[in-house]
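Read through the structure below, which is laid out as C-alpha cells, and then see the notes.
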Amino acid sequence: ATPMALLVGTARGAQLGILIKGPQILESTRRVDTILLDKTGTVTSGRMSLAEVVPAAGESEAEVLRFAGAAESGSEHPIARAIAAAALAAVPVAEGTAPVAGALPPLESFASTQGLGVQAVVDGRLVLVGRSAWLAEQWAVELPDALERRQVELEAAGGTVVAVAWDRVARGILSVNDTVKPNSAAAIVQLKALGLRPVLLTGDNERVARAVAAEVGIDDVRAGVLPAEKAEIVRALQAEGRVVAMVGDGVNDAVALATADLGIAMGSGTDVAIEASDLTLVRSDLVAVVDAIRLSRRTLGTIK
Ligand code: ADP
Ligand code: MG
C-alpha cells in the first residue's frame, strides 16, 4: 500500500475508536490468524464483586473479610478491588454517612506477586491473599479439607476463589464473580467468520475459564497461566507458524502483548499494557478488534 493509503487507514481507525501506533501496523494486523484473549477485563468486564466469604472453622466471616480487605487495599487487581470495596462497605459507619477510606486497618507493608496474590502486614500480622496453590507452595499454608471442597464447588459455579491466611494459618476463602461483556460473544463469532482462531488465556482456574469460554464460543482454553507463561504461549504458537494477536488489559499481559505479532490493549487497561501494545481500543470492546482487521484488509487489499 502507498504511505498515503496507510495514513488514511490509520485516520479511519481513530474514527472507529482504534488508536494505531504507526501506519505500518496495519500490515501485521492484516496477517493475523490467531487471537489470544485475556479473560479478566478483556472478555469479561473485570468489575468483580464479592459473592461469598467462607471462614475456616473457628474464624469469623467479618474478621476474614476485614483482614483480606485491608491487605487487598494495596492492590489494583480487579479481585483486590472487589474484596477491598466489600470490606470497606462492611465496616459499620454512622447512618447516612458514606464509608470512609482508611476505615480498614492500615497496611504496615505490602507486596504483590503478579498472577498469584498479595502479602501485607496488617495489625502486626502477615496477611496473605491469593491462589491457594501459591499459599501452599510459597508459604506452606494448607487449606483445610472443608474449605478445599467448598472452593471446588464455588469454582464449578463460575467463581474466582482466593484463600486468606494470617500468622501462617488459612483463615478462609473468598469467591468473587465477574460478568462477560455484552459484545464479547458477538465479537468471537465475527473473528471466527474472518478466519481467526480464538484462544482464551488466563491466570484464573480452569473451571472458571471453561465457563467463560463456553459462554463466548471459544474451544481453546489455556488456564492457570502465569504472566511469563502467557508470553511463552505466544512464542509457541509463533513457532508453529501462526501470526498471533494478543488482546489484554493488565500488567500481567504486558510481556505477551509485546511478544505478539500484534499487541492490542483495552483502553480501560493499565498504562503498561497500553505501552506494550500496537493498537489500543478506546471503547474496550472486542468488536473493535473485528473492525481493526476489516480495516487492515480493506486498506491493504484494495491498494497493492
Ligand atoms: P487473569 O489472567 O485472568 O487476568 P491474573 O494473572 O491477574 O488473572 O491472576 C491470576 C490468579 O492469581 C487470580 O485468579 C488469583 O487467584 C490470583 N491473584 C492475582 N492477583 C491477586 C490479588 N491481588 N489478590 C488475590 N489473588 C490474586
Ligand atoms: Mg486481564
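So that you can scan it fast, the table gives a plain yes or no per residue for (1) within 14 Å of ligand 1 (Cβ to nearest atom); (2) farther than 27 Å from A231 by Cβ; (3) touching a residue at least 24 places away in the same chain (Cβ under 8 Å); (4) in contact with a Lys or Arg (Cβ under 8 Å, 6 or more places away or on another chain):
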residue: E155; (1), (2), (3), (4): yes, no, yes, yes
residue: G159; (1), (2), (3), (4): yes, yes, yes, no
residue: V162; (1), (2), (3), (4): yes, no, yes, yes
residue: G172; (1), (2), (3), (4): yes, yes, yes, no
residue: S175; (1), (2), (3), (4): yes, yes, yes, no
residue: P182; (1), (2), (3), (4): no, yes, no, no
residue: I188; (1), (2), (3), (4): no, no, yes, no
residue: L191; (1), (2), (3), (4): no, no, yes, no
residue: L201; (1), (2), (3), (4): yes, no, yes, yes
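Residues that are within 14 Å of ligand 2 (Cβ to nearest atom), at pLDDT 95 or above and not hydroxyl-bearing (S, T, Y), at least 3 per element: which helices (runs of 4 or more DSSP H) completely within segment 192-300 meet that? Break it down into steps so the answer makes sense when it comes.
Numbers: elements: 206-216, 227-239, 254-259, 271-275.
Output list reads 254-259, 271-275.
Across segment 72-91, what is the total count of residues that are assigned to a helix (DSSP H, G or I), within 8 Å of ligand 1 (Cβ to nearest atom) and either closer than 18 Å to G124 by Cα or not small (G, A, S) (or both)? Let's see the steps before the verdict.
Step one: filter segment 72-91 for residues assigned to a helix (DSSP H, G or I), giving 72, 78-90.
Right, trim to within 8 Å of ligand 1 (Cβ to nearest atom) and you get 72, 78-80, 83.
In the following step, the residues that additionally are either closer than 18 Å to G124 by Cα or not small (G, A, S) (or both) were identified as 72, 78-79, 83.
The total comes to 4.
Go through E72, E95 for me and flag whichever is more than 16 Å from ligand 2 (Cβ to nearest atom) and modelled with pLDDT under 95. Give the steps one after another, and end with the answer.
Numbers: E72 fails: modelled with pLDDT under 95.
That would be E95, the only listed residue that is more than 16 Å from ligand 2 (Cβ to nearest atom) and modelled with pLDDT under 95.
Which residue out of G41, G22 is in a loop (DSSP other than H, G, I, E, B) and either surrounded by fewer than 18 Cβ atoms within 10 Å (Cβ to Cβ) or in contact with a strand residue (DSSP E or B) (Cβ under 9 Å, 6 or more places away or on another chain) (or both)?
G22 is the lone residue from the list that is in a loop (DSSP other than H, G, I, E, B) and either surrounded by fewer than 18 Cβ atoms within 10 Å (Cβ to Cβ) or in contact with a strand residue (DSSP E or B) (Cβ under 9 Å, 6 or more places away or on another chain) (or both).
Any residue in segment 232-248 that is on the phi > 0 side of the Ramachandran plot sitting within a Cβ distance under 7 Å of a residue that is in a loop (DSSP other than H, G, I, E, B)? List the pairs, counting only those 6 or more apart or interchain.
If the second residue must be in a loop (DSSP other than H, G, I, E, B), no pairs are left.
Please go through (1) surrounded by fewer than 19 Cβ atoms within 10 Å (Cβ to Cβ); (2) of a type in the set (A, V, I, L, M); (3) in contact with a strand residue (DSSP E or B) (Cβ under 6 Å, 6 or more places away or on another chain) for V243 and return the number of the only condition it doesn't satisfy.
So V243 meets the others, but not (3).
With the structure loaded, tell me whether T113 is surrounded by fewer than 20 Cβ atoms within 10 Å (Cβ to Cβ) and within 11 Å of ligand 1 (Cβ to nearest atom) or whether it fails that test.
Values: surrounded by fewer than 20 Cβ atoms within 10 Å (Cβ to Cβ): yes; within 11 Å of ligand 1 (Cβ to nearest atom): yes.
Taking the combined requirement at face value, the residue satisfies it.
Checking the condition buried (at least 18 other Cβ atoms within 10 Å of the Cβ) and out of contact with any Ser or Thr (no Cβ under 9 Å at 6 or more places or on another chain), which residue from A288, A236 passes?
Details: A236 fails: buried (at least 18 other Cβ atoms within 10 Å of the Cβ).
From the options A288, A236, the qualifying one is A288.
For the structure I just gave you, tell me whether L174 is aliphatic (A, V, I, L, M), out of contact with any Phe, Trp or Tyr (no Cβ under 9 Å at 6 or more places or on another chain) and at pLDDT 95 or above. Talk me through it step by step, then tell me what you get.
Numbers: aliphatic (A, V, I, L, M): yes; out of contact with any Phe, Trp or Tyr (no Cβ under 9 Å at 6 or more places or on another chain): yes; at pLDDT 95 or above: yes.
Here the answer is yes, as L174 does meet what is asked.
The values are calculated or read from the model by the stated rules, or taken from the named source; none is laboratory data. This one's a predicted model, so the numbers in the text were calculated from it and none came from an experiment. Glycine also receives a Cβ, built like all others from the backbone with ideal geometry; neighbour counts cover every protein chain displayed.
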